[in-house]
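What follows is one structure encoded as structure tokens, with my remarks underneath.
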Amino acid sequence: MQQSRPCCSKRVGETPECPYCKGFSIKHGKSVAQKQRYYCKQCSKTYLTLYTNKAYQPQTNKDITTHLKESNSIRSISRIIQINTKTIIRRIITIAQKIMRPPLLFGKTYEVDEQWTYISNKEQGTWIIYALCRETKKVADFVVGSNTKMNLSSIVNPLILSNPIKIYTDKLASYKTLIPKDIHSTKRGGTNHIERQNLANRTDLKRLCRRTICYSKSAALLTACLRIYFWS
């Protein structure tokens, strides 16, 4: 006599696929508003098929990232996707915290430069110091802060450990004491690629645009926006 095997879950007729991983879903009770919830057996996430609050929709983070990289301000993003500005700011910081810095590539050529901006007002000037890989045109690392030797070394030292072919910089005096002479170059046109990236930064990020009323109110938010723009 065949015995029926116990089943820990029962599939319902027309269950939607998981919006996060497209996996198998089952019914998972009701929400406080008495809406049907679903549970994904693959990624273990619960979700609704219809959210009243737009901030909880699965594509919200992707929409925020897309608009942020297309020169939209915080208030502009809020008007487009109809979510409160404070929620937008919290989401930007949350998204940025999940983005990992890409690993450094060995034996490459890098360009290092500084880009000026300000936080809250122009008296609080700050610098975006970053390195660009010439072969891949990708940002290797960056730091937001004053244009000091400590901040410069936090970008340059990892590059030196990656055994680069050459590091191109401008003629800032601090670079001469940080980078060995055999791999350091300040020749004319050596930083053309990163200078072009500076223009792209000001074009694509509203808070870096010239002659605009948009600006960063904190270093944390500026760092989060740059992290999303460079590495997402």
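Read-outs: derived from the displayed coordinates by stated rules, not from any lab. This structure is a prediction, so every number in the text was calculated from the model and none was measured. Note that we place each Cβ from the backbone using ideal geometry, even for glycine, and neighbour counts take in every protein chain shown.
Taking a straight line from the alpha carbon of residue 27, these lysines sit under 27 Å away, with near neighbours fewer than eight places off in the same chain left out: 10, 35, 41, 45, 54, 62.
Sorted fewest first by neighbouring Cβ atoms within 10 angstrom, 39, 130 come out as 39, 130. Bridgeable lysines around residue 181 (alpha carbons under 20 Å apart, same-chain partners fewer than 8 residues away excluded): 108, 149, 166, 171. Each Lys and Arg Cβ is given +1 and each Asp and Glu Cβ -1; about its Cα centre, the chain then shows a dipole of about 780 debye.
Loop-only check: which GluC sites (Glu not before Pro) in region 113-163 are DSSP coil with at most 16 other Cβ within 10 angstrom?
On the way: sites: 114, 123, 135; in loops: 135.
Here the sparse-neighbourhood loop sites are 135.
Cβ crowding within 10 Å, taken as a proxy for footprinting-reagent exposure, orders 80, 93 from fewest neighbours to most as 80, 93.
Structural descriptor for the chain: relative contact order 17 percent, calculated from alpha carbon pairs under 8 angstrom and at least 6 residues apart.
Apply the membrane-span-like helix rule to the chain: whole DSSP H runs, Cα extent along the own long axis of at least 15 Å, mean Kyte-Doolittle hydropathy at least 0.0. List the helices found.
Values: long enough: 85-97 (18 Å, 0.45); 149-161 (17 Å, 0.95); 192-204 (18 Å, -1.83); 219-231 (18 Å, 1.48).
Correct list, ordered by number: 85-97, 149-161, 219-231.
Partners of residue 98 within straight-line reach, counting aspartates and glutamates whose Cα lies under 20 Å from its Cα and excluding those fewer than 8 residues away in the same chain: 63, 141. Among the trypsin sites (Lys or Arg not before Pro) in region 197-232, those placed in a DSSP loop whose Cβ has at most 11 other Cβ atoms within 10 Å are 210, 211. What fraction, in whole percent, of alpha-carbon pairs in the chain exceed 23 Å separation? Of all Cα-Cα pairs in the chain, 60 percent lie more than 23 Å apart. Our summary gives region 109-215 a relative contact order of 25 percent, counting only alpha carbon pairs under 8 angstrom and 6 or more residues apart. For the chain, the residue among 129, 95, 174 whose Cα projects farthest onto the positive side of the dipole built from Cβ charges is 95. Listed from fewest to most Cβ neighbours within 10 Å, the set 40, 214 follows the order 214, 40.
Is region 131-194 rounded, prolate or oblate when judged by the Cα gyration tensor, a ≥ b ≥ c being the square roots of its eigenvalues, rounded requiring a/c under 1.5 and prolate requiring a/b larger than b/c?
Numbers: a/c = 1.29, a/b = 1.13, b/c = 1.15.
Since a/c stays below 1.5, the shape of region 131-194 is classed as rounded.
Comparing 230, 60, 39 along the charge dipole axis of the chain, the residue lying farthest to the positive side is 39, per the Cβ-charge model.
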